[in-house]
Amino acid sequence: MASLTDDNAADGKIFGAGSSILSGWSTTAVHTNDNSRKGFIMRYSMLVYITNMGKTLLDAAGYLQAAENAALKEELYENGRIMLERIERILTEHRGDLRSASLMERLQNIRRQWETGRTYAALQEELPEWIRRLPGEIDYRVRVAFFAELGEKWDSLESVYEFMRDDPRFDPVVVLTPVFRMATVNGEQRQEVIYSDYLTRLGIPFLGYSQYSLEKDCPDLALICQPYESCTLPQFWPEHIAAHTRLVYIPYFLTDIVLEQSPKELCQLNVYDVSWRVLGSSQKHYEYYRRYSRCHGQNMLVTGIPKMDPIIKAAKNGAALPGGWEKIKDKKVFLWNTWYDISVSSVRFFNDIFKWFQEHEDCALIWRPHPMTETVTKVHSPEHYSFLQHCIQCVTEAPNAILDQESSFLASFVYSDAQFSDLSSMMPQYLPMDKPLLWIDVPVLVPAGEEFISTEWMEYTDNFQGIIRFLEQIRHGSDPKRELRAIILQRDLPLADGRCGERVSLALWKEMHEEDELL
């Protein structure tokens, strides 16, 4: 676990701290993933800056042609001369990024016309063509900051990062940030800090949070999947990030069942108000967001949720069996996913469920409690904490049970034959695995009667007897909802095709360029 005060907790260094040509503008110092190029590559933001100066020059040329006030004309002329010098200086510093010499040659011709001939009518014809050709004449990168925290949520960003890492148009950097939770320790309420390096074993270079500065790096885009400010450092709150760059919120979960409290959680947190773009899973998701968000849906892109990409990949290619999981091999395996409040979750049926698995050695249990279970139990229901520890001990010591503590749930998805689950985003995320699922009702969660994804493919129960019927049904090979799963997957999740990361990256590229009038 990396220390919160350890500046050497991550590989790499801050890029973007190069010398400045104008106050507030980094020249372009950026890391590139293209190993055939050395040095620094122009930032997208610098391309926008040059383009905007060119447009200002074009306006000035029009004023100069028509203006009668001599003092005003002289001021416009001098300002234009300074801008042309700045543009030429920037392009000279980035001569290696120019795809041909024609861009500089045309600029020098424009500068001569401005400084000597003052043929502003001719400039009004030549400047627009020079501006139009800028994006195609310069090799530039879009700098993207990925703010990663819990390992359980990295899959929300993973496929977008992988596409941008391998595409020469992007220059991504990953910043590992801590997460804060409240916990009771020895009767005292304390703040629990989670700051674990899970990225190194994935082969992903990253910066420690104390090594990174938004103000210095000035990324063109910033991507987050953490919508809650209460568990994040202030410098990584959505409002702060959005003040320095275009913020993109990528949901870390997939919603199927809409609850009574969903309008706030899905549409009205601060992150939805300040984000430049929010990703949507489907047209139904968009319509709901348009109805309840304060921006009336104007900042949503319907691309599908990238979190589904690793699931689609795992359904096709499998996943490595974690160490210690050998005891579930050659058995009928059930994934049990439980909510964090054990007083109302299906954990209340633990003893009877565990007994069933003790009596059926041909079956195996993978128990994946919600990662906040221990903290929530300590803080809000400490009277249940000893029972939770008892449950954990039983599963850990059982010959046919696994306590899933992996950061990713993919192994559980791949090696289970069916899932029984409290209401959770892991329910709809299981659909592409094409395996049976039982939804166990959580009494305090009230569905609003609206669904983004139909739940007809699931079995349903609100009691222990229903759980046992499901276990027995799967044990004997019955799967009555198989055909319905395929229909609902195609109808309600058409964008769950394993290509969300690519689609998101290209959509963001297009949106930026259109907004900045570079397409």
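Between 0 and 90 degrees, the angle of helix 283-292 with respect to the longest Cα principal axis of the chain falls at about 80 degrees. With kT/(6 pi eta Rh) evaluated at 4 °C and eta = 1.567 mPa s, and Rh the Kirkwood radius from Cα pairs, segment 285-351 diffuses with a coefficient of 78 µm²/s according to Stokes-Einstein. Carbon-plus-sulfur accessible fraction, segment 260-305 (probe radius 1.4 Å, protein heavy atoms only): 45%. On the beta carbon distance between Ile392 and Glu517, with R0 = 45 Å, the FRET formula returns roughly 0.20. Cα-based values for segment 364-499, radius of gyration first and Dmax second, are 16.1, 46 Å.
Divided by 2.2 N^0.38 Å, where N counts the residues, the Cα radius of gyration of the chain comes to 1.18.
In this simple spin-label model, placing a label point 7 Å from the Cα along the Cα-to-Cβ direction at both Arg95 and Lys316 gives a separation of 4.7 nm.
If R₀ is 51 angstrom, what is the calculated FRET efficiency for the pair His360 and Tyr228, using the beta carbon separation as r and rounding to 0.05? Efficiency, from the Cβ-Cβ distance: 0.80. At a probe radius of 1.4 angstrom, the accessible area of segment 402-519 per residue rounds to 43 square angstrom. The angle separating the long axis of helix 155-166 from the principal Cα axis of greatest extent in the chain is about 40 degrees.
Which value, in Å², gives the accessible area per residue of segment 76-232 when a 1.4 Å probe is used on the protein heavy atoms? Don't jump to the answer; show the numbers that get you there.
Working: 6390 Å² over 157 residues.
Value for segment 76-232: 41 Å² per residue.
In sequence order, segment 319-333 has phi-based couplings of 8, 5, 6, x, x, x, 8, 4, 6, 9, 5, 6, 10, 7, 10 Hz under the Karplus curve 6.51 cos²θ - 1.76 cosθ + 1.60, θ = phi - 60°, and Gly or Pro positions carry x. The angle separating the long axis of helix 482-492 from the principal Cα axis of greatest extent in the chain is about 20 degrees.
Sequence gap at least 6, Cα distance under 8 Å: using those rules, report the relative contact order of the chain to the nearest whole percent. Relative contact order here is 14 percent.
State the three equivalent ellipsoid semi-axes of segment 179-302, derived from the C-alpha gyration tensor as the square roots of 5 times its eigenvalues, in descending order and whole Å.
Computed over segment 179-302, the values are 27, 21, 15 Å.
Out of the total accessible area of segment 400-519 (probe 1.4 Å, heavy atoms of protein only), what percent is carbon and sulfur?
Details: 2470 of 5060 Å².
That share works out to 49 percent.
Under a 5 Å amide H cut-off, with hydrogens placed 1.01 Å from N, Phe170 pairs with Val142 among residues at least 5 apart or on other chains. With θ taken as phi - 60° and the Karplus curve 6.51 cos²θ - 1.76 cosθ + 1.60 applied, the whole-hertz 3J(HN,Hα) list for segment 226-238 is 9, x, 9, 6, 5, 10, 10, 4, x, 5, 10, 5, x Hz, x standing for glycine and proline.
What is the packing order of peptides 228-241, 130-143, taking the mean over residues of other C-beta atoms within 10 Å and listing the highest first?
Details: 228-241: 16.3, 130-143: 18.7.
Sorting 228-241, 130-143 by mean packing, highest first, produces 130-143, 228-241.
Taking the square roots of five times each eigenvalue of the Cα gyration tensor of segment 333-403, the equivalent ellipsoid has semi-axes of 22, 11, 10 Å, listed largest first. The accessible surface of segment 41-116, taken with every protein chain in place and a 1.4 Å probe, is 48 percent carbon and sulfur. Taking one quarter of the surface of the convex hull spanned by the alpha-carbon atoms of segment 238-368 gives a direction-averaged projected area of 11.5 nm².
Cross-link check: pairs Lys153/Lys331; Lys264/Lys435; Lys307/Lys331; Lys316/Lys435; Lys332/Lys355; Lys331/Lys435 evaluated at a Cα-Cα cut-off of 22 Å; pairs beyond the cut-off: Lys153/Lys331; Lys264/Lys435; Lys307/Lys331.
The values are calculated or read from the model by the stated rules, or taken from the named source; none is laboratory data. Small disclaimer: the values here were computed from a predicted structure and weren't measured. Ideal geometry is used to build each Cβ from the backbone, glycine not excepted, and the neighbour counts take in all protein chains shown. Remember, those area values only see protein heavy atoms, side chains included, never the ligands or the DNA or RNA. Shrake-Rupley method; radii C 1.70, N 1.55, O 1.52, S 1.80 Å.
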